[in-house]
Amino acid sequence: MAELERLTREATIEVILEAPTSEAARWCLDEYFQELAKRFEAGFDPAKSNPARDEDMTPPAGFFVVARLDGHPVGCGALKRKDQTTGEIKRMWTASSARGRGVARKVLQALETAAQDFGLTTLRLETNRKLTEAQALYRNAGYREVDPFNDEPYAHHWFEKRL
């Protein structure tokens, strides 16, 4: 019964490719940055983080998705193409009101599918030690922890997955 309830909840989540400049995307990113500023020990300043500029999250360089629940934005994620075979996932976020409903899982699946459609064979991402739920999601989705592959100042864990 619990599995049926989970599948029913997930079925109401829509994940849509959207411009990173859209109103919904900007709202999600603002909420994401505010949450990181509260959760990270030293706060969070997007200007000090490795960038995910609008052009990095727009085809053909990458893309941005917004998750909606009952038509309202509740999550987001982005993919940046690093080279012909490798992509980097950035800006994964789920609103606290929508957590536990499979939003992040659906966003991650949408990013992985789009990466495969782009011909990418490897995805990478990094996360902060305070984001334990993100670490669990990535591990459960088949990502394995690897040595640091960038100099992200807020990262403590680096992950990679072969598609």
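Just a few scattered comments:
- Averaging over all projection directions, the Cα-based convex hull of segment 49-124 occupies 5.3 nm² in the image plane.
- Taking all pairs of distinct alpha-carbon atoms in the chain, Kirkwood radius in angstrom: 15.9 Å
- Share antiparallel - DSSP beta bridges, the chain, percent rounded to 5: 90 percent
- Under the convention that each Lys and Arg Cβ holds +1 and each Asp and Glu Cβ holds -1, the size of the dipole of segment 106-163 around its Cα centre is about 220 debye.
- Straight-line cross-link reach from LYS161 at under 17 Å between alpha-carbon atoms covers these aspartates and glutamates, not counting any fewer than eight positions away in the same chain: ASP83, GLU88, GLU112, ASP117, GLU126, GLU145, ASP147.
- Rounded to the nearest 20 debye, the dipole magnitude of the chain is 340 debye, with +1 charges on Lys and Arg beta carbons, -1 on Asp and Glu beta carbons, and the Cα centre as origin.
- Value of [θ]222 nm, deg cm²/dmol, for the chain, DSSP H segments ≥ 4, -39500 (n - 2.57) each, nearest 500: -10000 deg cm²/dmol
- Cleavage-rule hits (chymotrypsin sites (Phe, Trp or Tyr not before Pro)) in segment 19-111: DSSP loop, at most 16 neighbouring Cβ within 10 angstrom: PHE40
- Most positive-pole-ward Cα, ALA136, MET92, SER49, against dipole of the chain from beta carbon charges: ALA136
- Sites count as exposed loop sites when they are trypsin sites (Lys or Arg not before Pro), lie in a DSSP loop, and have at most 15 other Cβ atoms within 10 angstrom; the longest stretch of the chain without one is 1-47.
- Per DSSP, loop GluC sites (Glu not before Pro) in segment 20-102 with at most 12 further Cβ within 10 Å: GLU41
- Annotation: lysines with alpha-carbon distance below 21 angstrom to LYS130 (same-chain offsets under eight excluded): LYS38, LYS48, LYS90.
- The stretch between ARG39 and THR85 holds 13.3 nm of extra length on full extension. This uses 0.36 nm per residue minus the Cα-Cα distance.
Read-outs: derived from the displayed coordinates by stated rules, not from any lab. Computed from a predicted structure; not experimentally measured. Please note: Cβ atoms are built from the backbone with ideal geometry, for glycine as well, and neighbour counts cover all protein chains shown.
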